[in-house]
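Colleague: I am attaching a structure below and will ask some questions about it afterwards.
The values are calculated or read from the model by the stated rules, or taken from the named source; none is laboratory data. Because the structure is predicted, anything quoted here is derived from the model rather than measured. Note that we place each Cβ from the backbone using ideal geometry, even for glycine, and neighbour counts take in every protein chain shown. When the accessible area is computed, the model is the full protein with side chains, heavy atoms only, and any ligands, DNA or RNA have been set aside. Shrake-Rupley method; radii C 1.70, N 1.55, O 1.52, S 1.80 Å.
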Amino acid sequence: MTDASMIAGLASGLLSGKVKVVDLTAPLGPDTPVLYLPPQFGKNTPNVKVHTISAYDQDGPFWAWNWLELGEHTGTHFDAPCHWITGKDNAENTTDTIPPQNFVAPVNVIDRSKEAAENPDYLLTVESIQEWEAEHGAIEPGTWVLLRTDWYKRNGSTETFLNADENGPHSPGPTAEAIEYLLSKGIIGWGQETIGTDAGSAGGMNPPFPAHNLMHKANKYGLASLCHLDQLPPKGAILIAAPLKLVKGTGSPVRALALVV
């Protein structure tokens, strides 16, 4: 098979419906849950605001358009390496400098939805990843790894999505050792269905927030607030997650899509 015929086969599959496009993105609007940090950590990102410019009226009789007020890390979003202090000096670490080839890659989906349903503080371990690899095959260099927990089903409410109490947020995510193991496999990025790429308890880990700290230190990427990972196979899908080309952007909302046969 030639390179041209490979692309032609993909195009034919898309047209026939044999290749399905799965939307992994949460709706983005004023009701989108946003992360709330404790005061000692600094300022919070704002809620999404949509401002009307015109709506077929005296401000623009033939067109409708709006301007938006939102943070880079709002809704389903991409974390660039410069988002974290450990990645601030890396090359090509902003949304406008990352090679576009890196926005499209095969994806591994680790399903731990049963465990997360039983324990909202569930942590993915190295042993759990290796069990998944024994069943589905090794995680290859250059691929994404996503943690499926079905947490996206809570996304309609800030209260249920953040799931916080007086002890802090309670949501699943990886251990520091799990992130180190995945980096040793050469992955391109890590993502999950919660509001960020770390577990709710990650502030107390060593290092704190290891998915951010370690992934961005290694010049890798993150995806947060993903949806519908239950529609993807463990292996075999292609993930497309392209941030806006924001100048010196630390991240961006994305329309994350997966191609599935």
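Colleague: Of all residues in segment 189-208, which are buried (at least 20 other Cβ atoms within 10 Å of the Cβ) and either in a loop (DSSP other than H, G, I, E, B) or of a type in the set (Asp, Glu) (or both)?
Modeller: Glu193, Thr194, Ile195, Gly196, Thr197, Asp198, Ala199, Gly200, Met205
Colleague: What tally of residues in segment 88-135 results from selecting those that are at positive phi and either modelled with pLDDT under 95 or not acidic (Asp, Glu) (or both)?
Modeller: Residues meeting the conditions: 0.
Colleague: State all residues of segment 126-153 that are in contact with a strand residue (DSSP E or B) (Cβ under 8 Å, 6 or more places away or on another chain), surrounded by fewer than 22 Cβ atoms within 10 Å (Cβ to Cβ) and among the polar types (S, T, N, Q); if no residue qualifies, say none.
Modeller: Ser128, Thr143, listed by residue number.
Colleague: Would you confirm, using the coordinates I've provided, whether His170 is at pLDDT 95 or above, open to solvent by 30 Å² or more (accessible area, probe 1.4 Å), more than 19 Å from Pro106 (Cβ to Cβ) and out of contact with any helix residue (DSSP H, G or I) (no Cβ under 8 Å at 6 or more places or on another chain)?
Modeller: The answer is yes for His170.
Colleague: Before we move on, is Asn108 within 19 Å of the chain's Cα centre (by Cα), more than 30 Å from Glu140 (Cα to Cα) and surrounded by 12 or more Cβ atoms within 10 Å (Cβ to Cβ)?
Modeller: In short, no.
Colleague: Taking segment 82-106 only, how many residues are closer than 18 Å to Ile240 by Cα and touching a Lys or Arg at 6+ places or on another chain (Cβ under 8 Å)?
Modeller: Qualifying residue count, segment 82-106: 4.
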